[in-house]
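Undergrad: A single structure is presented below for examination.
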Protein chains: 2
Amino acid sequence: MADNFDTGKAHDSTEDNLNRVVALLRKHDLVTGLVHKQDMPRRDLVEGLVHKQHLTELHALLDDMHSADVALVLEALPLNDRLLVWDLVKAERDGEILLEVSDAVRESLIKAMDSDELLAAAETLDTDEIADLAPDLPKDVIQDLLESLDAQKRSRLQSALSYPEDTVGALMDYDMVTIRADVTLEVALRYLRRLGELPDQTDKLFVVDRDGALRGVMPLQRLLLKDPDAKVADIMAEEVVTFHAEDDATDAANAFERYDLVSAPVIDGRNRLMGRLTVNAVVDHIRQESDNDLLSIAGLREEEDIFASVWKSVQNRWAWLAINLVTAFIASRVIGEFEGTIEKLVALAALMPIIAGIGGNSGNQTLTMIVRALALGQIHPDNAKKLFSKEIGVAAINGVLWGSVVGIFAYLLYGKPALGVVMMGAMTLNLLLAAVMGVAIPTLMHKFGRDPAVGSSVMITAVTDSGGFFIFLGLATLFMRYLA
Amino acid sequence: MADNFDTGKAHDSTEDNLNRVVALLRKHDLVTGLVHKQDMPRRDLVEGLVHKQHLTELHALLDDMHSADVALVLEALPLNDRLLVWDLVKAERDGEILLEVSDAVRESLIKAMDSDELLAAAETLDTDEIADLAPDLPKDVIQDLLESLDAQKRSRLQSALSYPEDTVGALMDYDMVTIRADVTLEVALRYLRRLGELPDQTDKLFVVDRDGALRGVMPLQRLLLKDPDAKVADIMAEEVVTFHAEDDATDAANAFERYDLVSAPVIDGRNRLMGRLTVNAVVDHIRQESDNDLLSIAGLREEEDIFASVWKSVQNRWAWLAINLVTAFIASRVIGEFEGTIEKLVALAALMPIIAGIGGNSGNQTLTMIVRALALGQIHPDNAKKLFSKEIGVAAINGVLWGSVVGIFAYLLYGKPALGVVMMGAMTLNLLLAAVMGVAIPTLMHKFGRDPAVGSSVMITAVTDSGGFFIFLGLATLFMRYLA
């Protein structure tokens, strides 16, 4: 809960915590101490006591920290330290903390736990939270878990597991409080008092009928402010933003952002309440999505534990490098075809990366614009053509502008006016190519139902590299008699 | 408010809205119609009536739409259509909609309004909202606004204007409800009923003393569930996550995410309540920040109205292209220095982009990892060295691995074993260079207080390009007698 912390800047206390844990670990050499203990069982008793005291100190420090802060500390520690700290965290918080850490770190923590510990950790969680952990849990633990749950929870867990990532179903929880429409606010309030506590991020109750169908929502605000003798049916809001479990999570996040929602009901095809979506799940999703965008632009397959082994990192990164190697080989063969031309004028070899590089940069600018506009739903068939001609216009101006600059550069360096003209022509053509592909690649990917953010940058760079070399060296070959 | 919409998927209705507006504009040729009307005042009366009817239809459609949805439609329309729709939107919603659209589109809308309209629009907004609009408003409008506000609002607006972007002060609002600690819940509830309505995203009230100092917070939950006769002082939460107006907005967003907050008090150095931060402001900030990351990676100076004029787009993009041109010139000169070597073995020209390209990709992978870890606060002096050696390890393995692949490729193509060995050596060295710079550049930028996400990708690509050419052509020059 949000109100269990020291007064003061929350992030400051977090950084303080991290520094304090690291200081304790480092200054008292705790990890090394433990290793020694195992190596030499008859180690000096006094020194052992000192270590024990520091461990107690560390234990106390961790107990005072919020689970999310412990997670942050675990992320920032190398593997040995991480496992030592993990060992000291109270067992009943295991589950909560596993939810907070990144996938990569979670893997390293789960590996250090046995089945019983994992089962115990999972049993402290809600079904939707268990579903979040499930991909990382061993199969036998999941089996045991399913057997230990009651029928309602088991069927919820199974359905939560069945929703693909990036759907509302995978983000929703089951912590909704429901009331009936035909009672008074007073009765509803008494019912809430009996419950004793409301789930986090509850800003509204869900009004359902006998069959579980959603009739409306009752904002807590109205419950507080309206006449207690009024009927729920008269006070509730009937027009509600609702979601379906199969809805795209990103669309839902956009709706939360647009309508400033805190929570919203998730219903099935027959309008029956299935669960709720909360803004904290949405914030996590937005964050993860933007993280994934950045990772995929750089060609990292998934988020990486920064202390992962060298070998694991190599595996995470190889696919992208392999793809780029293929595109580089192709570009290399394009140049290879013009070796005769380069032999006649070796300056071409020095100038060709300029054409390819600027083409790639310009293409990526167009691409980013279009990917963004696609994500915001701003592009439809009617305006696509307009965008296309705008980008062509920008490319033409940039081509002539920057083409002149590089042309003059080439002329000054090599004293051949024709070389400058070829540079300018090649630059303009390559920027036009970049503009066309910068619009076409993401639009087509979107049309065929693929995520335009993934892989399109590699594709456009491949095209502007090979294309740039081909255009420049091709023009040079055509006009060689003015150049050599 | 969130509950004023049709039941059904919110995002579906948004897309429907957009499609309906576009259909109305297109099918009935509304924009063209208006233009004609101006050109030929004595235009066929019947046709004029038809247009008028369609305008009325469009008007009704827009009136039914949520401001955020109108904003989305405006974003997706080319300038002429956008201004036509803008004209039809009810004047009292102008301000709200201006808040929702992107900076670029806002500019185009404000340009179409006169000072009186702008003043009227701004007067419908809260002071924190006016502050968000202020950078785009003409100076005389701001002056008039300041004069029209009462003293408290004026001083709030002035202080809101004084906080730099990316601080909590720029995100906070003043819609906080305060109560005293010495009253009973019953009294507090009666006070709220008199207020009649609570601001959006109110999940807690702020408990302040006579001097306005924050004593604690009262979650609405507790107000609902606890004994009405209890004193606020006994029920309130005293340990609260608070922020200062000067705090970094991103740190605050991280805290909101970690502690699942809906709202939090902003206090000054003497613990006095200044305002509040809400999750919707935080979500907007997270979204904008991740947008800015993507834009700056692609070298777009700011978000671009996709229908901006060609000339505006050229201005938005030129700085990046200019920087890249400089780095490309440098790389070109590095190659130029080795023209003698290339003349002896022209195959080098075809192979060199492979070394530079893979180096750039690998460097950007390392860079992205480090930038992320820095943003999450996972890097401190103690573990930086460990990270460094890990990245060197990854680079060494990748260098030998991919170096062998390109070496064999070169050998098979050109039948020279020594060329393969040079390729492999150059690849390994350039990947090591990429790893070192991939860690060093963002770490140093961070150390000197700069945002490591901005510009570091250009820098690393510049180093791996020029460095890659230098290493490869340098090695080839050294071992030329085995190559030629």
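Each value in this text was obtained by applying a stated rule to the coordinates, not by laboratory testing. Since we're looking at a predicted model, the values are computed, not measured. Because the Cβ atoms are built from the backbone with ideal geometry, glycine has one as well, and the counts that use them run over all protein chains shown.
Undergrad: Roughly what angle does helix A:456-478 make with the longest principal axis of chain A, taking Cα atoms, 0 to 90 degrees, to the nearest 10?
TA: Long axis of A:456-478 versus the principal axis of chain A: about 0 degrees.
Undergrad: Still on this structure: List A:Met423, B:Met480 from most exposed to least, where exposure is judged by having the fewest other Cβ atoms within 10 Å.
TA: Ordered by Cβ neighbours within 10 Å, fewest first: B:Met480, A:Met423.
Undergrad: Another one. At q = 0.08, 0.13 Å⁻¹, what is the base-10 log of I(q)/I(0) for chain B according to the Debye formula with one equal point scatterer per Cα and no solvent? Please give it to two decimals.
TA: These q points yield log10 I(q)/I(0) values of -0.73, -1.21.
Undergrad: Would you work out if the range B:178-298 is rounded, prolate or oblate? Take a ≥ b ≥ c from the square roots of the eigenvalues of the alpha-carbon gyration tensor; rounded if a/c is under 1.5, else prolate when a/b is larger than b/c, oblate otherwise.
TA: Judged from the Cα gyration tensor, the range B:178-298 comes out prolate (a/c at least 1.5, a/b above b/c).
Undergrad: A further question on this structure: Could you work out the mean count of beta carbons from other protein chains within 10 Å of each residue's beta carbon in A:344-356?
TA: 6
Undergrad: I'd like the distance separating the alpha-carbon centroids of the range B:248-296 and the range A:392-449, in whole Å.
TA: 42 Å
Undergrad: Among B:Leu412, B:Ala233, B:Gly360, which residue has its Cα positioned farthest towards the positive end of the charge dipole of chain B, with +1 placed on the Cβ of Lys and Arg, -1 on the Cβ of Asp and Glu, and the dipole taken about the Cα centre?
TA: Final value for the positive-end residue is B:Leu412.
Undergrad: Rounded, prolate or oblate: pick one for the range B:310-483, where a ≥ b ≥ c are the square roots of the eigenvalues of its C-alpha gyration tensor, a/c under 1.5 means rounded, and failing that, prolate if a/b is larger than b/c, else oblate.
TA: oblate
Undergrad: Once you average over the residues of A:398-408, how many Cβ atoms of partner chains fall within 10 Å of each Cβ?
TA: Partner-chain Cβ atoms within 10 Å, mean over residues of A:398-408: 2.
Undergrad: Moving on to the next point. Once you place label points 7 Å from the Cα toward the Cβ at B:Leu412 and A:Glu165, how far apart are they in nm?
TA: A separation of 3.4 nm, rounded to one decimal place.
Undergrad: Compute the Cα gyration tensor for the range B:407-460, then decide on rounded, prolate or oblate, letting a ≥ b ≥ c be the square roots of its eigenvalues: rounded whenever a/c is under 1.5, prolate when a/b is larger than b/c in the other cases, and oblate in all that remain.
TA: Prolate.
Undergrad: Report the label-to-label distance for A:Phe448 and A:Glu197 in nanometres (one decimal), using points 7 Å from each Cα along the Cα→Cβ vector.
TA: That separation, rounded to one decimal, is 5.2 nm.
Undergrad: Another one. So which GluC sites (Glu not before Pro) in the range A:264-360 are both in a DSSP loop and have at most 15 other Cβ atoms within 10 Å of their Cβ?
TA: A:Glu302
Undergrad: Ok, one more. Please identify the chymotrypsin sites (Phe, Trp or Tyr not before Pro) of the range A:281-390 that satisfy two criteria: DSSP loop assignment and at most 14 other Cβ atoms within 10 Å. Which are they?
TA: Loop-located and lightly packed - none at all.
Undergrad: What do you get for the angle between helix B:45-63 and the principal long axis of chain B? Use alpha-carbon atoms, 0 to 90 degrees, nearest ten.
TA: So the helix axis and the longest Cα principal axis differ by about 90 degrees.
Undergrad: Would you work out the charge dipole size for the protein assembly as shown about its Cα centre, treating the Cβ of every Lys and Arg as +1 and the Cβ of every Asp and Glu as -1, and quote it to the nearest 20 debye?
TA: Roughly 3720 debye for the protein assembly as shown.
Undergrad: Now for a different question. Treat every Asp and Glu Cβ in chain A as -1 and every Lys and Arg Cβ as +1, leave all other atoms uncharged, and give the resulting dipole magnitude about the Cα centre to the nearest 20 debye.
TA: 2360 debye
Undergrad: Can you give the local net charge around B:Ile397? Use residues other than it whose beta-carbon is closer than 14 angstrom to its beta-carbon, Lys and Arg +1, Asp and Glu -1.
TA: Net charge around B:Ile397: +2.
Undergrad: Roughly how many debye, to the nearest 20, is the charge dipole of the range B:178-298 about its Cα centre, given +1 on each Lys and Arg Cβ, -1 on each Asp and Glu Cβ, and no other charges?
TA: It comes to approximately 700 debye.
Undergrad: Arrange A:Asp251, B:Asp182 by Cβ neighbour counts within 10 Å, fewest through most, would you?
TA: By the 10 Å Cβ count, ascending: B:Asp182, A:Asp251.
Undergrad: With 10 angstrom as the radius, rank A:Ile330, B:Ile397, B:Ile379, A:Ile354 by how many other C-beta atoms surround their C-beta, starting from the fewest.
TA: Starting with the residue having the fewest Cβ neighbours, the order is A:Ile330, B:Ile397, B:Ile379, A:Ile354.
Undergrad: Once the other residues with Cβ under 13 Å from the Cβ of B:Tyr482 are scored (Lys, Arg +1; Asp, Glu -1), what is the net sum?
TA: +3
Undergrad: Using the alpha-carbon atoms, what tilt in degrees (0 to 90, nearest 10) does helix B:417-447 show relative to the longest principal axis of chain B?
TA: 30 degrees
Undergrad: Same structure again: Return the sequence-ordered ³J(HN,Hα) values of the range A:392-400 in whole Hz as given by the Karplus equation 6.51 cos²θ - 1.76 cosθ + 1.60 applied to θ = phi - 60°, using x for Gly and Pro.
TA: 4, x, 4, 5, 5, 4, 4, x, 5
Undergrad: Calculated FRET efficiency, A:Arg210 and B:Glu92, Cβ-Cβ r, R0 51 Å, to nearest 0.05?
TA: After rounding to 0.05, the efficiency reads 0.75.
Undergrad: Turning to a different aspect of this structure: If a paramagnetic tag sat 7 Å from the Cα of B:Lys139 along the Cα-Cβ line, which residues of the range B:81-113 would have the backbone N under 14 Å from that point?
TA: Answer for this model: none.
Undergrad: I'd like the Karplus ³J(HN,Hα) series for the range B:132-149: coefficients 6.51, -1.76, 1.60, θ = phi - 60°, whole numbers in Hz, and an x wherever there's a Gly or Pro.
TA: These are the phi-based 3J(HN,Hα) values: 5, 7, 3, x, 9, 8, x, 4, 5, 5, 4, 4, 4, 4, 4, 5, 7, 8 Hz.
Undergrad: Now for a different question. Residue farthest toward the positive end of the dipole of the protein assembly as shown, with Cβ of Lys/Arg at +1 and Asp/Glu at -1: which of A:Ala319, A:Leu300, A:Leu475?
TA: Farthest along the dipole direction, towards plus: A:Leu475.
Undergrad: Using the charge dipole of chain A (Lys, Arg: +1 at Cβ; Asp, Glu: -1 at Cβ; taken about the Cα centre), state which of A:Met369, A:Ser67, A:Pro138 has its Cα farthest towards the positive end.
TA: About the Cα centre, the residue reaching furthest to the positive side is A:Met369.
Undergrad: Excluding B:Asp209 itself, what net charge comes from residues whose Cβ is under 10 Å from its Cβ, given Lys and Arg +1 and Asp and Glu -1?
TA: +2
Undergrad: Using a 7 Å offset from the Cα along the Cα-to-Cβ direction at both B:Gln315 and B:Leu79, what is the distance between the two label points in nm, to one decimal?
TA: 1.2 nm
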